[in-house]
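> For reference, the structure I am asking about is given below.
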Amino acid sequence: MSLNAESTAFRSALEVIRAVEPRVADAIGAELADQRESLKLIASENYASPATLLAMGNWFSDKYAEGTVGRRFYAGCQNVDTVEALAAEHARELFGAAHAYVQPHSGIDANLVAFWAILADRVESPALKKAQVRQVNELTEADWFALRRELGNQRMLGMSLDAGGHLTHGFRPNISGKMFDQRSYGTDPATGLVDYDKVAEAAREFKPLILVAGYSAYPRKVNFRIMREIADEVGATFMVDMAHFAGLVAGKVFTGDFDPVPHAHIVTTTTHKSLRGPRGGMVLCGPELADQVDRGCPMVLGGPLPHVMAAKAVALAEARRPDFADYAQRIVDNAQALADGLLRRGAKLVTGGTDNHLVLIDVSGYGLTGRQAEQALLDSGIVTNRNSVPQDPNGAWYTSGIRIGTPALTSRGLGTAEMDATAELIHNVLTQTTPGSNPDGTPSKAKYVLDPALADKVSGQASELLTGFPLYPAVDLG
Ligand code: DSN
């Protein structure tokens, strides 16, 4: 492909948009400029390829396609079938899964599809059986009442939020916390690591229908073989949400006991984090759950997004190339270099390091809350997000942690030397930021004091660090 094909494509697209609503074209251009200039360390973000981005901007967006490949509720879905089947095939091959469902619009949706499939498969409910065989009209009011009671009172065991678990694993701010009777397992207070004996103890006592593994802020590998043994012992369905580390599974950095696909009954993911695809979700499973999973739309999801499925097919094809394995390994090498750089400078890290794509800094070591640290870093051109640490005294809003991840900067080409320089910038900002106070003089968990000249200087250093690693180098918007 010639270098200017990408520039031509994006320039032309913006010209067409500008003719209708110039402010949207300007915002799109500004977003690229902002992303080019910032040191993006948000662990869940990445940069999708131009081919992936372009696959989304077209007439597939106009098509309704409820149902699944070859079994649609709408006519004229032959081309949607092509891209959905391609995305599913790439996903099956990439992850070694028997079945892939590529319609979920997000990670939450993927998890809801999985929860539904597990409930439908596992809950002994005569009313549900009738509903499943489409004898819905034969259900009495009493049947519906029983169905709601039986489905709505099941147990889920997942990782606690402050240990790095995800909201959709049964926590109350999410619908899953209203659907399930949830209990969580934490991490060992001394090491910060998952204690599998404690997970087994909790599972034996609680007897969950679903045991969930997966995280959005745990900086270590999870042994999925052991987790499956625990699930089997208590008769639970084992579900893994690999949204954060799907790229590391795809790139064969997480193999054997650390690859969830051979061990879990069902695996969910997003496609836009370390996997570097379009924003969206996906479910992988064996043949036993495939039929229920395929009922995702219209059971759980609104109409599929064919343009995003097209982009998933492109991104998954990219992830099957040999260079993706190299990319995945570099993500982890970079995270470890970043962690080492921070530790050497005196930062306090949850678990003392990382073996995945993310690092969790306990910023109480700098006398700050996560909120203060996040803003001070942002002022300095470093984009991160605040996050709870285990047993966080500041709760989920202010927090005591900063989560940083390397998938995006690794996509840009930065390596371990630049990670050490990044650690220096972060440490420099955090050591020179102090907590601020409220107007009445009481200490504030949000306000902070940072010399604007230092913030500007660090922003300049961050931009300088990025100059050798242009983002979308072939895209010149003119
Ligand atoms: N919002 C994602 C993250 O940042 O981890 C998870 O849903």
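> Shape call for region 122-208 from the C-alpha gyration tensor, a ≥ b ≥ c root eigenvalues: rounded (a/c under 1.5), prolate (a/b greater than b/c) or oblate? All intermediate terms of the calculation are to be shown ahead of the outcome.
Working: a/c = 4.03, a/b = 2.62, b/c = 1.54.
The shape class here is prolate.
> I've got another one for you. Scan the chain and report its longest stretch carrying no chymotrypsin sites (Phe, Trp or Tyr not before Pro) that are both in a DSSP loop and have at most 16 other Cβ atoms within 10 Å. Present the calculation step by step, with values, prior to reporting the outcome.
Values: sites that count: Tyr64, Phe73, Tyr74.
The answer is 75-478.
> Also: Compute the length gained on full extension between Asn58 and Asp181: take 0.36 nm times their separation in residues and subtract their Cα-Cα distance, giving the result in nm to one decimal. Please report the intermediate quantities before stating the final value.
On the way: separation 123, 0.36 × 123 = 44.28 nm, distance 4.27 nm.
That pair, Asn58 and Asp181, stretches by 40.0 nm at full extension.
> If I model a spin label as a point 7 Å beyond the Cα along the Cα-Cβ vector, how far apart are those points for Thr8 and Glu37 in nm?
So the two model labels end up 3.1 nm from each other.
> Rounded to whole Å and ordered largest first, report the semi-axes of the equivalent ellipsoid of region 1-71 derived from its Cα gyration tensor (root of 5λ).
Numbers: eigenvalues 128, 73, 42 Å².
Output for region 1-71: semi-axes of 25, 19, 15 Å.
> Could I ask something else about it? Using R₀ = 56 Å, calculate the FRET efficiency as 1/(1 + (r/R₀)^6) where r is the Cβ-Cβ separation of Lys447 and Arg321; round to 0.05. Don't jump to the answer; show the numbers that get you there.
Details: r = 48 Å, r/R0 = 0.85.
With a Förster radius of 56 Å, E is 0.70.
> Figure the gain on full extension for Arg23 and Arg172 (residue separation times 0.36 nm, minus the Cα-Cα span) and round it to one decimal in nm. It would help to have the intermediate numbers written out before the result.
Numbers: separation 149, 0.36 × 149 = 53.64 nm, distance 3.82 nm.
Fully extending the segment from Arg23 to Arg172 adds 49.8 nm.
> Taking Cα pairs under 8 Å and at least six residues apart, what relative contact order does region 412-470 come out at, in percent? Please list the in-between numbers first.
Numbers: 43 pairs, mean separation 21.9, N = 59.
After rounding, I find 37 percent.
> Also, quick follow-up: For region 251-305, take the convex hull of the Cα atoms, compute a quarter of its surface area, and give me that in nm², please.
Values: hull surface 18.2 nm².
Averaged projected hull area, Cα only: 4.6 nm².
> Considering only DSSP beta bridges where both residues belong to the chain, give the percentage that are antiparallel (nearest 5).
Working: 23 of 41 bridges.
Rounded to the nearest five, the antiparallel share is 55 percent.
> Note down the relative contact order for the chain as a percent, whole number, built from C-alpha pairs under 8 angstrom at least six residues apart.
On the way: 963 pairs, mean separation 101.4, N = 478.
It comes to 21 percent, rounded to a whole number.
> If you don't mind, another one. Calculated FRET efficiency, Asn137 and Glu89, Cβ-Cβ r, R0 35 Å, to nearest 0.05? Present the calculation step by step, with values, prior to reporting the outcome.
On the way: r = 37 Å, r/R0 = 1.07.
Approximately 0.40, to the nearest 0.05.
> Let me ask you something else. Which one, Cys297, Ala335, Ile230, is farthest towards the positive end of the dipole of region 215-361 when Lys and Arg carry +1 and Asp and Glu -1 on their Cβ?
Result: Ala335, furthest along the dipole toward the positive end.
> Scale the Cα Rg of the chain by the rule-of-thumb value 2.2 N^0.38 Å and send over the ratio, two decimals.
On the way: Rg = 23.3 Å, N = 478, 2.2 N^0.38 = 22.9 Å.
It is 1.02.
> Once you order the gyration tensor axes a ≥ b ≥ c over the Cα atoms, which shape class does region 218-329 get: rounded for a/c under 1.5, otherwise prolate or oblate by comparing a/b with b/c?
On the way: a/c = 2.25, a/b = 1.09, b/c = 2.07.
Because a/c hits 1.5 or more and a/b fails to exceed b/c, region 218-329 counts as oblate.
> Got a sec? Charge dipole of region 68-191, +1 on Cβ for Lys and Arg, -1 for Asp and Glu; which of Ala87, His169, Val69 is way out at the positive end?
Result: His169.
> Under unit Cβ charges (Lys, Arg +1; Asp, Glu -1), what dipole magnitude, rounded to 20 debye, does the chain have relative to its Cα centre?
Details: 45 positive and 55 negative charges, 97 e Å.
The calculation lands at about 460 debye.
> Can you pull the percent of Cα pairs in region 61-218 with separation above 26 Å?
Details: 5619 of 12403 pairs.
So the portion of pairs separated by more than 26 Å is 45 percent.
> Please report the antiparallel percentage of the DSSP beta bridges confined to region 155-269, to the nearest 5. Could the numbers behind the result be given before it?
Details: 1 of 16 bridges.
Around 5 percent of the beta bridges assigned by DSSP in region 155-269 are antiparallel ones.
> Determine the equivalent ellipsoid of region 394-478 by diagonalising the alpha-carbon gyration tensor, then write out the semi-axes as square roots of 5 times the eigenvalues, largest first, rounded to whole Å. Write down the numbers at each step before the final one.
Details: eigenvalues 198, 47, 35 Å².
Over the Cα atoms of region 394-478, the ellipsoid semi-axes are 31, 15, 13 Å.
> For Ala423, what is the net charge nearby, where nearby means another residue's Cβ is under 13 Å from its Cβ and Lys, Arg count +1, Asp, Glu -1? Before the final figure, lay out the partial values.
On the way: positive: Arg344, Arg345; negative: Asp340, Glu418, Asp420, Glu424.
In short, -2.
No value in this document is a laboratory result; all are computed from the given coordinates. Remember, it's a predicted structure, so these values are computed and weren't measured experimentally. Heads up, the Cβs are rebuilt from the backbone with ideal geometry, glycines too, and the neighbour counts pull from every protein chain shown.
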